[in-house]
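Chemist: Sharing a structure, written as structure tokens. Questions coming.
The values are calculated or read from the model by the stated rules, or taken from the named source; none is laboratory data. Please read these numbers as outputs of a predicted model, since none were measured by experiment. Because the Cβ atoms are built from the backbone with ideal geometry, glycine has one as well, and the counts that use them run over all protein chains shown.
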Amino acid sequence: MAPVDKKTLSERDICTKFITPALSRSGWDLHTQVREEVNITKGRISVKSGSVVRGNPKFADYILYYRHNVPIAVIEAKDNNHTVGAGMQQALEYAQMIDVPFVFSSNGDAFLEHDSTGTKSPMEEEFSLDAFPSPQNLWKRYCQWKGIDEGKIAAITQEYYIDETGKEPRYYQINAINRTIEAITKGQNRVLLVMATGTGKTYTAFQIIWRLWKAGVKKRVLFLADRNILVDQTLTNDFKPFGSAMVKVRNRQVDKSYEVYLALYQAVTGTEEWKNIYKQFSPDFFDLIVVDECHRGSAAEDAMWHEILDYFSSATHIGMTATPKETKYVSNIHYFGPPVFVYSLRQGIEDGFLAPYRVVRIDLDKDLTGWRPAKDQKDKYGNLIDDRLYNQKDFDRVLILEQRTRLVARKVSDFLKMVDRFAKTIVFCENIDHAERMRQYLVNENSDLVTEHPRYIVRITGDSPDGKAELDNFIMPDSRFPVIATTSRLLGTGVDVQTCKLIVIDKRIESMSEFKQIIGRGTRINEEYDKYYFTIMDFRKATEHFADPDFDGEPLDGGGYIGPIEDPKKKERKEGEGFRYVVGNVPVTVVAERVQYFGVDGKLITESLTDYTKKNVTRQYATLDAFLNSWTHAERKLAIVKELEEQGVIFEALETEVGKQFDPFDLICHIVYGKPPLSRRERADKVKRASYFEKYGAKSRAVLEAILEKYADGGLEDIEDIQILKVDPLSQFGTPLEIVQNIFGGKGNYLTAIRRLEQCLYTAEC
């Protein structure tokens, strides 16, 4: 048999015939140590014309594992028309993401290795297919690089817990878990993990504990959370595999026969009784203490529960937070040290694991100009109002403008009526009183639904047993009611509202930590319940925090910590405390309303949409002629659309501003180059008036006319996707294969017809 011409083989053929056999010959177990076409990310979510589209996920051709949970190498394959090292840049990107030091590229002729450990010289070296390093070779170099002691390997290689569904940690969770375990095996007793809300901190904590516990490195564990619901969720969900070895500390009862303990740290540290409880354990009883949402307590050295960490000082302490506090007065890093791992909101959105967002910013006249009472003016209850200028920081704290609350409730309701009246919504208010008034006004704005569904709107605050009783229903994705929850603080941290689609901010937020936590209520994705993105409606300029470099940056290194922890000048007002003037007859109006979007760089777009789009498009197409030339000669127009999206063009926003009846071609021509746009319907009618269809027979013409109608209704996707042939009325002509073969005489002829149709749509040539 003649030798195979590698140049004719696909990339997949190169993998199957050359790369995989080379791995097998060098001792790699293809069943347990080698995985092919491994998805690393899910693909960023974007919204077009109301439809959700995922970008392409990043995937590695090969990931090599020493153990199932320890990835150590990436291989990127290319077909033989590329050089041996053509895949190296791509492989290096994947290697950085999954935190592995050994990177290989191959075209089936040889391998090019990049070694990031510093244990091998030269750093990059080419070698034959038969010289690929063995698992033992790479593992020895890996351990040397990591500084892993031979006696600590048991913890490093301990398997994850895999449930019956086969759920495994995502790549960034693997990084967080492995870095934490490596740090602990090296003797580090204070460890900080920073992971954005919605990225699975509790699941990550479980896998860390599980592996340390199963390996016998940590035998007794205390998990501290800041909300009772979080403890219960953890007990019944992520931590369930611990089974009978686990207990929740209840009713101030201590049983020392368990190995994994869950406790609510605010409750257990606030009384003398708790001090007696935790001191019933010996100081060396726990080997490991994990503090969830550690920004709420451990940042303050004099926090009452901080005594627990001091008491169990011999244990390893792990802090987990989405919002590390690093200010003049509080510091996580001062206690835990710099984080061993950081995964940001921007990264989560870019990877497709977190929901993107848009911001509706609404400015009210009294918020901008303030309000001053007339001389000797009294409020609605006859109280003389202090004569001074009241501004936004006073509203709903010192002064209540009833018309303002009514207007906010109306704008929220109008938005829901426009998009989805059953979209889960959280309205953050200044205090409990404000939350109750907001509930009342929302009820009045939605009386039709409240009449039919009394639980449509509820107040969920710490003082309301009835409201708190609805918390579980609000959280559960399969529970339709309540739909709208007004709150002040109770829903601000840790509560997992997977289906929340609208977050309303009508409270002043001066803390970056609080802002991140509030935004985090919307970042979770739940595909089953059609939750892919969310909207932030901001009435208090809170979203100005997006412009702060610290919003999505890494925490400081702790060098600026000076203490003391508590600011002696700042005394926080208790919720519900203080006298408030109530004024009901002051008109309040909307001065400005604009929509802002999450940009490709991970930042909220603050410049005008037009300027932002022009800047991103002209970077690639300096002139209209350059754009038209590229568009005309592109075999698939959608490839150009995708390219522009990757460069930051937000077609959803352009559609909102210009009109949903225009497709991407016209949006770009109009916004960037000043050309008057044509609607899809106008372009379709132009084709109908031309002689384009005369070239085809009756059946071919009928198919193309139906496709043209689909374009007029839906856009380019319906032209270039052959799956459109499965949709009525096109399905009436037969299966896609029958249409392509019997009506057009083959796929080539069909694609030619589609390209001609597009040419006629976008040019004068038909």
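Chemist: Criterion first (hydroxyl-bearing (Ser, Thr, Tyr), surrounded by fewer than 17 Cβ atoms within 10 Å (Cβ to Cβ) and within 22 Å of Val687 (Cα to Cα)) does Thr735 satisfy it?
Modeler: no
Chemist: Considering segment 343-356 alone, what residues qualify as being out of contact with any Lys or Arg (no Cβ under 9 Å at 6 or more places or on another chain) and buried (at least 22 other Cβ atoms within 10 Å of the Cβ)?
Modeler: So the first thing to find is which residues in segment 343-356 are out of contact with any Lys or Arg (no Cβ under 9 Å at 6 or more places or on another chain), and the list is 343-344, 347-348.
Answer for segment 343-356, where residues must be out of contact with any Lys or Arg (no Cβ under 9 Å at 6 or more places or on another chain) and buried (at least 22 other Cβ atoms within 10 Å of the Cβ): Tyr343, Gly348.
Chemist: Sticking with this one: Going by the structure shown, is Ala753 over 38 Å from the mean Cα position of the chain (by Cα), outside the structural domain of Val641 (by TED's automatic domain parsing) and either at pLDDT 90 or above or among the hydrophobic types (A, V, I, L, M, F, W, C) (or both)?
Modeler: Details: over 38 Å from the mean Cα position of the chain (by Cα): yes; outside the structural domain of Val641 (by TED's automatic domain parsing): yes; either at pLDDT 90 or above or among the hydrophobic types (A, V, I, L, M, F, W, C) (or both): yes.
So Ala753 fits the description; yes.
Chemist: Identify, please: which residue in segment 601-622 is hydrophobic (A, V, I, L, M, F, W, C) and part of a helix (DSSP H, G or I) and is, among those, modelled with the lowest pLDDT?
Modeler: Going through the qualifying residues, I end up with Leu609.
Chemist: Looking only at segment 387-402, which residues are in a loop (DSSP other than H, G, I, E, B), touching a residue at least 60 places away in the same chain (Cβ under 8 Å) and of a type in the set (D, E, K, R)?
Modeler: Selection gives Lys393, Asp396, Arg397.
Residues checked against (1) assigned to a strand (DSSP E or B); (2) surrounded by fewer than 16 Cβ atoms within 10 Å (Cβ to Cβ); (3) not basic (Lys, Arg):
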| site | (1), (2), (3) |
| --- | --- |
| Ala22 | no, no, yes |
| Val38 | yes, no, yes |
| Ala60 | yes, no, yes |
| Leu64 | yes, no, yes |
| Glu76 | yes, no, yes |
| His82 | no, no, yes |
| Gln96 | no, yes, yes |
| His114 | yes, no, yes |
| Thr119 | no, yes, yes |
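Chemist: Applying the selection to segment 436-464, what residues are within 20 Å of Asp496 (Cα to Cα) and surrounded by 20 or more Cβ atoms within 10 Å (Cβ to Cβ)?
Modeler: The answer is Tyr456, Ile457, Val458, Arg459, Ile460, Thr461.
Chemist: Does Ser134 qualify as being of a type in the set (Gly, Ala, Ser), in contact with a strand residue (DSSP E or B) (Cβ under 9 Å, 6 or more places away or on another chain) and assigned by TED's automatic domain parsing to the domain that holds Arg25?
Modeler: Judged against the criteria, Ser134 is not a match.
Chemist: Can you name every residue in segment 164-181 that is part of a loop (DSSP other than H, G, I, E, B) and either in contact with a helix residue (DSSP H, G or I) (Cβ under 7 Å, 6 or more places away or on another chain) or of a type in the set (Lys, Arg) (or both)?
Modeler: The answer is Lys167, Pro169, Arg170.
Chemist: Against the definition (of a type outside the set (Lys, Arg) and modelled with pLDDT under 90), how does Phe341 come out, yes or no?
Modeler: Details: of a type outside the set (Lys, Arg): yes; modelled with pLDDT under 90: no.
Answer is no for this residue.
Chemist: Please identify the pairs in which a residue from segment 164-188 that is more than 17 Å from Ile72 (Cα to Cα) and not assigned by TED's automatic domain parsing to the domain that holds Ala60 has its Cβ atom under 7 Å from the Cβ atom of a residue that is part of a helix (DSSP H, G or I) and of a type in the set (Gly, Ala, Ser), counting only partners at least 6 apart or on another chain.
Modeler: Qualifying pairs under 7 Å: Thr185/Ala155.
Chemist: Name the single residue, out of those in segment 515-551 being assigned to a helix (DSSP H, G or I) and free of Cβ contacts under 8 Å to residues at least 24 places away in the same chain, that is nearest to the chain's Cα centre (by Cα).
Modeler: By that ranking, first place goes to Glu527.
Chemist: Which ones in segment 203-226 are surrounded by fewer than 20 Cβ atoms within 10 Å (Cβ to Cβ) and within 28 Å of the chain's Cα centre (by Cα)?
Modeler: Tyr203
Chemist: Okay, next question. Somewhere in segment 667-689, is a residue of a type in the set (D, E, K, R), crowded, with 18+ Cβ neighbours inside 10 Å and in contact with a helix residue (DSSP H, G or I) (Cβ under 8 Å, 6 or more places away or on another chain)?
Modeler: Looking for residues that are of a type in the set (D, E, K, R), crowded, with 18+ Cβ neighbours inside 10 Å and in contact with a helix residue (DSSP H, G or I) (Cβ under 8 Å, 6 or more places away or on another chain), one finds at least one in segment 667-689, hence yes.
Chemist: A follow-up question, please. Counting only residues that are without any contact (Cβ under 8 Å) to a residue 24 or more places away in the chain and in a strand (DSSP E or B), which one in segment 40-58 is farthest from Leu138 (Cα to Cα)?
Modeler: If we take residues in segment 40-58 being without any contact (Cβ under 8 Å) to a residue 24 or more places away in the chain and in a strand (DSSP E or B), then Ser51 is farthest from Leu138 (Cα to Cα).
Chemist: Scan Glu709, Glu738, Glu694 and give me the residue that is out of contact with any strand residue (DSSP E or B) (no Cβ under 8 Å at 6 or more places or on another chain) and within 20 Å of Leu678 (Cα to Cα).
Modeler: Of the residues listed, the single one that is out of contact with any strand residue (DSSP E or B) (no Cβ under 8 Å at 6 or more places or on another chain) and within 20 Å of Leu678 (Cα to Cα) is Glu709.
Chemist: Does Gln207 satisfy the criteria of being in contact with a Phe, Trp or Tyr (Cβ under 9 Å, 6 or more places away or on another chain), free of Cβ contacts under 8 Å to residues at least 60 places away in the same chain and either in the same structural domain as Glu93 (by TED's automatic domain parsing) or assigned to a helix (DSSP H, G or I) (or both)? So that I can check it myself, show each step before the final result.
Modeler: Values: in contact with a Phe, Trp or Tyr (Cβ under 9 Å, 6 or more places away or on another chain): yes; free of Cβ contacts under 8 Å to residues at least 60 places away in the same chain: yes; either in the same structural domain as Glu93 (by TED's automatic domain parsing) or assigned to a helix (DSSP H, G or I) (or both): yes.
So Gln207 fits the description; yes.
Chemist: Given the condition buried (at least 18 other Cβ atoms within 10 Å of the Cβ), touching a Ser or Thr at 6+ places or on another chain (Cβ under 9 Å) and of a type in the set (Gly, Ala, Ser), answer yes or no: does some residue in segment 653-666 qualify?
Modeler: For segment 653-666, residues buried (at least 18 other Cβ atoms within 10 Å of the Cβ), touching a Ser or Thr at 6+ places or on another chain (Cβ under 9 Å) and of a type in the set (Gly, Ala, Ser): present.
Chemist: How many residues does segment 715-732 contain that are in contact (Cβ under 8 Å) with a residue 12 or more places away in the chain, buried (at least 16 other Cβ atoms within 10 Å of the Cβ) and within 33 Å of the chain's Cα centre (by Cα)?
Modeler: 6
Chemist: Within segment 182-202, take every residue that is outside any helix (DSSP H, G or I) and under 19 Å from Glu168 (Cβ atoms) and give me the one that is farthest from the chain's Cα centre (by Cα).
Modeler: Leu193
Chemist: Just to be sure I understand, how many residues within segment 390-435 are among the basic types (Lys, Arg), under 19 Å from Glu510 (Cα atoms) and either out of contact with any Asp or Glu (no Cβ under 8 Å at 6 or more places or on another chain) or crowded, with 20+ Cβ neighbours inside 10 Å (or both)?
Modeler: Number of matching residues: 1.
Chemist: Starting from residues that are touching a Ser or Thr at 6+ places or on another chain (Cβ under 7 Å) and buried (at least 22 other Cβ atoms within 10 Å of the Cβ), keep the ones in segment 514-535 and report whichever is farthest from Gln347 (Cα to Cα).
Modeler: Per the stated criteria, the residue is Gln517.
Chemist: Yes or no: segment 177-193 includes at least one residue that is at pLDDT 95 or above, under 30 Å from Phe534 (Cα atoms) and of a type in the set (A, V, I, L, M).
Modeler: yes
Chemist: Is there any pair with a first residue in segment 445-461 that is acidic (Asp, Glu) and a second that is surrounded by 19 or more Cβ atoms within 10 Å (Cβ to Cβ) whose Cβ atoms are under 7 Å apart and which are 6 or more apart or on different chains, and what are they?
Modeler: That search, which allows pairs on different chains as well, returns Glu445/Ala409; Glu445/Ser413.
Chemist: Right, next: Search segment 465-482 for residues being of a type in the set (Asp, Glu) and exposed (fewer than 14 other Cβ atoms within 10 Å of the Cβ), and hand back the single one that is nearest to the chain's Cα centre (by Cα).
Modeler: Filtering segment 465-482 for residues that are of a type in the set (Asp, Glu) and exposed (fewer than 14 other Cβ atoms within 10 Å of the Cβ), the one nearest to the chain's Cα centre (by Cα) comes out as Asp478.
Chemist: Sticking with this one: Going by the conditions given, is Ser49 surrounded by fewer than 19 Cβ atoms within 10 Å (Cβ to Cβ), among the hydroxyl-bearing types (Ser, Thr, Tyr), at pLDDT below 95 and touching a Lys or Arg at 6+ places or on another chain (Cβ under 9 Å)?
Modeler: Spelling it out, Ser49 is indeed surrounded by fewer than 19 Cβ atoms within 10 Å (Cβ to Cβ), among the hydroxyl-bearing types (Ser, Thr, Tyr), at pLDDT below 95 and touching a Lys or Arg at 6+ places or on another chain (Cβ under 9 Å).
Chemist: Looking at segment 733-750, which of the residues that are closer than 24 Å to His633 by Cα and of a type in the set (Phe, Trp, Tyr) is farthest from the chain's Cα centre (by Cα)?
Modeler: Residue satisfying both the conditions and the ranking: Phe744.
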